[in-house]
Structure formats: C-alpha cells, structure tokens
Amino acid sequence: MNASSMPLPAARGLAVALALASVYVLWGSTYLAIRYALESYPPFLLGAFRMATAGALMYAVLRLRGATPPTSRQWRTLVVLSIFMVLLSNGLVNLAETEVGSGMAAIAVASMPLFAGVFAMLRGRHPTGSEWIGLVVGFAGVAWLNAGSNLSASTLGLVCLTIAPIAWAWGSIWSRDQDLPAPFMSAAGQMIAGSGWMLLAALVAGERITAMPTLQATAALMWLVVAGSIFGFTAYIWLLHHVRPALATSYAYVNPPIAVLFGAVIAGEVFTASDLGAMAVILAGVAIITVAKARRGRPIVPATPSEPPA
C-alpha cells in the first residue's frame, strides 16, 4: 500500500484547529517573507530556489514512502500546468513585490476565486444566482482596487497582480480535466517543473546575485520553502481529507487580512481606507461564491490542489 492510499486517522477538533491555523498563518505570512527575501534574491531566481528546493524535498520524501511517481505523460502535463501555477502566479507575485507592498499583493491575489468562477462558467459550469451575486460583488472590489488604491501607483505591480490570479485560476480549472498524479506528488512535480521555468525567466531577465545574501533574506527564503511550500500545503491537503471543502478553502478570504496585518505590524506598511475597502468587497464576493458552491454541492477546489500564488 502506498502513502496516498493509506487510511488517515480520524480528525480531532484540536488537530483541525491547528491545521487551519497553519494554513491561515503560514500562507498568510508568505507575502511578507517574499518581500524580505527580495532584499537579496531577484524575483525569478528567488522562485527558482524556492520551488526547486521544496519540490525536490517533497518528491524525495514521497518516493521514500512508496508514492507512485508521475508517468511521462503526467510529467508533460505538469510542465504545462506549472507555467500557470508557478511561473505566471508565484513568479509574477515575486516580481510585483519589488514595487508593491506585501499586503497589497495579498489583496490583489484574493481575486483568484472570482476568475476561477468565470473560467468554470466558460467551460460549461454555469453559476447560480448567488454565485452571480458573488462575482458581481467581487469584481466590483477588483475594479475599486485597480482604480482607487495604492496599487494603481505601480504599473508593474498592477499588471503582475492582475495576471497572477488569472493564471492561477485558469490552471486550477484546466487541471480538473487532466491526467495528474496524487495531490502531494502533483504539487512536488509542479514545483520541480516550475523551478525550470523560473530559472529560464531569470536568465531572460538577466538576473544575477551580485552580493552575499543577507541572513534575513536567506531566512525568509527558507521560511518560504519549509513553512509556505511544505508545511502549509501538507496542512491544506490534510484538511481536504478531514473537513468540508468550504472550511478547507476558507484560506482564500482569511489569508489576505492576515497578510495585511503582518505587513502593517512587522514591516510598517501603510494601507488607505480605499485599500481596505476594496479588500473587504473582494472577500465578500469570494465568501458568497464559496458558500453558494458548498450549498450546491459543487467542487470548490481544483482536482489537484496547489498552494496559493505566494
């Protein structure tokens, strides 16, 4: 019996609470960790180091535990999928944070479930009345964010943080119809393949590390690898097997406020009333869609879940 087919122990209230706290806090902290890591590591090289290390470690552990490796066909799919789920999502968030604060990046990425709803609709999964309301509310918040917040002051940040959630959403919807390995192995494969795309982007952009990285930046990189990519994702997959999907995916509207809090308290980032208002409207739309999908019994997570763009 391989690791993916072994029975899981019954969930306990404390274990669920700890797993939720891990997903909320660890994934919420990745935006600020990216900001600190960028002090020494260029954006695409940062992504290449992070994804290669986390992916290789996860892959090695899974193989030691007997997990089935991806087939050659699955590897080809993972290479394509990693363009959307790694390069155009995580890579562009990294690039955006060279000009935009970590909290602002988290607010923009919060729109991802809205785009996922649109792509699902285009592929024949028509939204209910409540889901339409959520989409309208959420995209009103996106328009507010793009027009009236601090994000509009950075063209690079605005472009990157518009493309990143769209790419992540499209990859999530597209993956549902693909032949992919089990979730943990799929995540490891995506990170490994994505690190190659990140390295290629770094070469095209001419990125170089010209000085010894600081201890703070390297510690932030290690936090992204261990806490963000390994522990956070492990807790998320555990939750998907033990609680309702609506609860497991609640990180989508909890992570942004936590990222804003970390940015304000630790890094001294400043947010206007317009920034926070746009965030509230976006998250309200996401919450409406999540609840509507849960009531209808439709899947609200991709067939092969992956960690958020940060």
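The values are calculated or read from the model by the stated rules, or taken from the named source; none is laboratory data. Nothing here was measured: the structure is a model prediction, and the numbers come from that model. Here the Cβ positions follow ideal geometry from the backbone for every residue, glycine too, while neighbour counts run over all protein chains shown. Calculation scope for accessible area: heavy atoms of the full protein, side chains included, ligands and nucleic acids excluded. Shrake-Rupley method; radii C 1.70, N 1.55, O 1.52, S 1.80 Å.
General remarks:
- Verdict on Glu131 being more than 25 Å from Ala246 (Cβ to Cβ) and among the acidic types (Asp, Glu): no
- Sole exception among (1) closer than 30 Å to Ala56 by Cα; (2) free of Cβ contacts under 8 Å to residues at least 60 places away in the same chain for Leu276, by number: (1)
- When the criteria are applied in full, Val225 meets the requirement of being closer than 20 Å to Thr53 by Cα, touching a Ser or Thr at 6+ places or on another chain (Cβ under 9 Å), open to solvent by less than 40 Å² (accessible area, probe 1.4 Å) and of a type outside the set (Asp, Glu).
- Helices (runs of 4 or more DSSP H) within the range 18-117 that include 2 or more residues within 24 Å of Gly141 (Cα to Cα): 92-96, 102-109
- Odd one out for Ala143 among (1) in contact with a Leu (Cβ under 8 Å, 6 or more places away or on another chain); (2) open to solvent by 50 Å² or more (accessible area, probe 1.4 Å): (1)
Matching residues to (1) open to solvent by 60 Å² or more (accessible area, probe 1.4 Å); (2) over 30 Å from Val286 (Cβ atoms); (3) acidic (Asp, Glu):
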{"position": "Ala56", "(1), (2), (3)": "no, yes, no"}
{"position": "Val61", "(1), (2), (3)": "yes, yes, no"}
{"position": "Pro69", "(1), (2), (3)": "no, yes, no"}
{"position": "Gln74", "(1), (2), (3)": "no, yes, no"}
{"position": "Ala105", "(1), (2), (3)": "no, no, no"}
